[in-house]
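Taking it in order: structure first as structure tokens, then the write-up.
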Amino acid sequence: MIFFELEAADISALNDADLRELVARLSEAELIQRGISSSCVTWGGAQEAPDGGLDVSIKGASGISKSNFVPRECTGFQVKKHSIGKSACQKEMQDRGIPKTVIADLASQSGAYIIVSGKDDCTEKMRSDRLDGMREAIASLEAKDQLHLDFYGRDRLSTWLRLHPSVTLWARSRLGKPLAGWRPYERWAGTPHDQDDTFLLMIT
């Protein structure tokens, strides 16, 4: 559905709060697609409020596949609108040279920690460099080998968005690029709430 798709530049055009909400909505959509409750996803609060190192947190997503964009039952995302290189990734994960508590907790739970950039388009080498910095940041943790690390640039966010057109519609509305005649799934037919408005029935 090419007409739904957004360009990588569109992701960079989202403000800080909308970019964080995009990652949260994609996480919810990912879990729902896998038959897992979206209540496992938590996020919110003022963008500038202290978050301990996580903007979006997933806990208890039992049954999630490691090959997905949400790779572990316990996964944390730190979302940045700007470009973030190797040294900045390392700095982001530490507090006075020590791995942040939320990251240590994720490691102890065999979880995942993912930094998201709304600006970077990463080649494999660029991504590898950032992952090296992230690994260096947690080198002092006993459970460091249990923590899955990853880096999502706007290129990978675009790939993730293509899997969830409903989230793309939301992003389009935030960017002021709605598709004429298209609306997200909702009760728009106007049928009174006490009447059944089922359109298709499956009889087995």
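Which count do you get for residues in segment 68-92 that are assigned to a loop (DSSP other than H, G, I, E, B) and either in contact with a Leu (Cβ under 9 Å, 6 or more places away or on another chain) or under 28 Å from Gly35 (Cβ atoms) (or both)?
Of all residues in segment 68-92, those assigned to a loop (DSSP other than H, G, I, E, B) come to 68-74, 81-85.
If we keep only those that are either in contact with a Leu (Cβ under 9 Å, 6 or more places away or on another chain) or under 28 Å from Gly35 (Cβ atoms) (or both) as well, we get 68-74, 81.
Here the count works out to 8.
Which residues, counting only those in segment 84-98, are surrounded by 15 or more Cβ atoms within 10 Å (Cβ to Cβ) and not charged (D, E, K, R)? Show your work before the answer.
Quick first cut of segment 84-98, residues surrounded by 15 or more Cβ atoms within 10 Å (Cβ to Cβ) only: 84, 86, 88-90, 92-94.
Ile84, Ala88, Cys89, Gln90, Met93, Gln94, listed by residue number.
Looking at (1) over 25 Å from Glu7 (Cα atoms); (2) among the hydroxyl-bearing types (Ser, Thr, Tyr); (3) free of Cβ contacts under 8 Å to residues at least 24 places away in the same chain, which one does Thr123 not meet, given that it meets all the others?
(1)
If you go through segment 174-199, how many residues are among the hydroxyl-bearing types (Ser, Thr, Tyr) and either at pLDDT 90 or above or touching a Phe, Trp or Tyr at 6+ places or on another chain (Cβ under 8 Å) (or both)? Steps first, please.
First pass over segment 174-199, keeping only residues among the hydroxyl-bearing types (Ser, Thr, Tyr): 185, 191, 198.
Filter once more, keeping what is either at pLDDT 90 or above or touching a Phe, Trp or Tyr at 6+ places or on another chain (Cβ under 8 Å) (or both): none.
Going through segment 174-199 one residue at a time, the tally reaches 0.
Here are Ile98, Ile114: which of them is of a type in the set (Val, Ile, Thr) and under 20 Å from Ser27 (Cα atoms)? Write out each step before concluding.
Values: Ile98 fails: under 20 Å from Ser27 (Cα atoms).
Ile114 is the lone residue from the list that is of a type in the set (Val, Ile, Thr) and under 20 Å from Ser27 (Cα atoms).
Just one of the numbered conditions (1) open to solvent by 40 Å² or more (accessible area, probe 1.4 Å); (2) modelled with pLDDT under 95 is not true of Glu28; which one?
Every condition holds for Glu28 apart from (2).
Out of Thr123, Thr101, which single residue is closer than 20 Å to Phe69 by Cα, open to solvent by 70 Å² or more (accessible area, probe 1.4 Å) and among the hydroxyl-bearing types (Ser, Thr, Tyr)?
Working: Thr101 fails: closer than 20 Å to Phe69 by Cα.
Result: Thr123 is the single residue among Thr123, Thr101 that is closer than 20 Å to Phe69 by Cα, open to solvent by 70 Å² or more (accessible area, probe 1.4 Å) and among the hydroxyl-bearing types (Ser, Thr, Tyr).
Kindly evaluate Ala107 against the criterion of being open to solvent by less than 20 Å² (accessible area, probe 1.4 Å) and not in a strand (DSSP E or B).
On the way: open to solvent by less than 20 Å² (accessible area, probe 1.4 Å): yes; not in a strand (DSSP E or B): yes.
It is true that Ala107 is open to solvent by less than 20 Å² (accessible area, probe 1.4 Å) and not in a strand (DSSP E or B).
The values are calculated or read from the model by the stated rules, or taken from the named source; none is laboratory data. Just so it is clear, the model here is predicted, and its values are computed rather than measured. Glycine also receives a Cβ, built like all others from the backbone with ideal geometry; neighbour counts cover every protein chain displayed. Each accessible area value is taken on the protein alone, full model and side chains, heavy atoms only, with ligands, DNA and RNA left out. Shrake-Rupley method; radii C 1.70, N 1.55, O 1.52, S 1.80 Å.
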